[in-house]
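Here is the structure we will look at.
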Ligand code: HEM
């Protein structure tokens, strides 16, 4: 359907809510990633990532109204992100994407983007 946006085809807000919630369930149990999130719960982090992804995929631009320009490399500069952190982050995202039961083409687009984005945020060498 021409009139259906990519965001709508992906299932809209509900899809991203489920994706990011499931992702942080995995992160919460990850010994490498958990220490990067000093808050007791992931409520704030979950909301920021959800709103960013919604905006990126063509949904409402609430993220930028609340947070300004994403500047993701700058915002990740305080965290040491080497290949191990990147791969752990991607593993939890991959697991979370699998639970969505998206059509194959949309699942591939989403995964391809996440892999690309995660690689672009590495800011430290291995070890
Ligand atoms: C924020 C870690 C990749 C999007 C954060 C935070 C951490 C983190 C610790 C702070 C949590 C918070 O918001 O309070 C990582 C690690 C990554 C990674 C270890 C591994 C490569 C990504 C990727 C994206 C992303 C690939 C986008 C597709 C965001 C966003 C925020 C955030 C939107 C909130 C920025 C803000 O508005 O303050 N990340 N991240 N991250 N991350 Fe990542």
Inset, instruction - Kindly establish whether residue 70 is assigned to a loop (DSSP other than H, G, I, E, B), near the ligand (Cβ under 10 Å from one of its atoms) and within 30 Å of residue 4 (Cα to Cα). - result: yes
Inset, instruction - Scan the range 98-107 and give yes if some residue there is under 11 Å from the mean Cα position of the chain (by Cα) and under 21 Å from residue 8 (Cα atoms), otherwise no. - result: no
Inset, instruction - Would you check which residues across the range 26-41 are more than 8 Å from the ligand (Cβ to nearest atom) and without any contact (Cβ under 8 Å) to a residue 40 or more places away in the chain and list them? - result: 28, 29, 31, 34, 35, 38, 40, 41
Legend entry - Pick from the range 22-55, criterion exposed (fewer than 15 other Cβ atoms within 10 Å of the Cβ) and more than 24 Å from residue 84 (Cβ to Cβ), ranking: modelled with the lowest pLDDT: 40
Legend entry - Breaking point among (1) within 9 Å of the ligand (Cβ to nearest atom); (2) closer than 19 Å to residue 114 by Cα; (3) in contact with a helix residue (DSSP H, G or I) (Cβ under 9 Å, 6 or more places away or on another chain), for residue 58: (1)
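The values are calculated or read from the model by the stated rules, or taken from the named source; none is laboratory data. Quick caveat: nothing in here was measured; it's all calculated off a predicted structure. Here the Cβ is made from the backbone with ideal geometry for all residues, glycine too, and neighbour counts use every protein chain on show.
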